[in-house]
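See structure below.
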Amino acid sequence: MSELQRKFEEFHQNNPKVWELFKMFSFDVIRTGRKHYSVNAVFERIRWHTDIETKSKDSFKLSNNHRAYYARMFNEQFPEYPEFFKTKKLRSERCY
């Protein structure tokens, strides 16, 4: 496991609300009929929601390094939406 993945796993375990928001906003997009979308846009929506709309007291920093892992997790857990988030091979997956 790479250091980035380890940090993601730790963040994910300590911040389950982020995964719930990620799924909620992703399904909002799916309901519009789109087959693919940007994980970056979903992340920014989570930031907007927690910083502006809800003025959440939950203080967490949403690292952009986690985007790829959330996208992969969504694609794996919801195979009925194949490649909703386009992903590239992670550096840690590359063979040299």
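What residue among R47, R67, R31 has the largest mean-square fluctuation in a Gaussian network model of the chain, using Cα springs under 10 Å?
Comparing R47, R67, R31 in a Gaussian network model of the chain, the most mobile one is R31.
Work out which GluC sites (Glu not before Pro) in the chain are exposed loop sites (DSSP not H, G, I, E or B, at most 11 other Cβ within 10 Å) and give the longest gap free of them. Can you show the working numbers first?
Values: sites that count: E80, E83.
Between exposed loop sites, the widest span is 1-79.
Please calculate how many Å² of accessible area the chain carries per residue, with a 1.4 Å probe and no DNA, RNA or ligand atoms counted.
Details: 6790 Å² over 96 residues.
Ligands and nucleic acids excluded, the result is 71 Å² per residue.
Measure off, as a whole percent, the carbon and sulfur share of the 1.4 Å-probe accessible area of the chain, all protein chains present. Walk me through the intermediate numbers first.
Values: 3400 of 6790 Å².
Result for the chain: 50 percent of the exposed heavy-atom area is carbon or sulfur.
Check cross-link reach from K61 to the lysines: straight Cα distance under 28 Å, and skip same-chain residues fewer than eight apart.
By straight Cα distance, K61 reaches K7, K17, K23, K86, K88, K89.
Before anything else, pin down the relative contact order of the chain: Cα pairs under 8 Å, at least 6 apart, normalised by residue count, whole percent. Walk me through the numbers on the way to the answer.
On the way: 55 pairs, mean separation 31.2, N = 96.
Relative contact order of the chain: 32 percent.
What's the FRET efficiency of E83 with R47 using the Cβ-Cβ distance as r and R₀ = 25 Å, to the nearest 0.05?
Values: r = 24 Å, r/R0 = 0.97.
Rounded to the nearest 0.05, the efficiency is 0.55.
The values are calculated or read from the model by the stated rules, or taken from the named source; none is laboratory data. It should be emphasised that the depicted structure is a prediction, and the values quoted were computed from it without experimental measurement. Here the Cβ is made from the backbone with ideal geometry for all residues, glycine too, and neighbour counts use every protein chain on show. Only protein heavy atoms, including side chains, enter the accessible area calculation; ligands, DNA and RNA are left aside. Shrake-Rupley method; radii C 1.70, N 1.55, O 1.52, S 1.80 Å.
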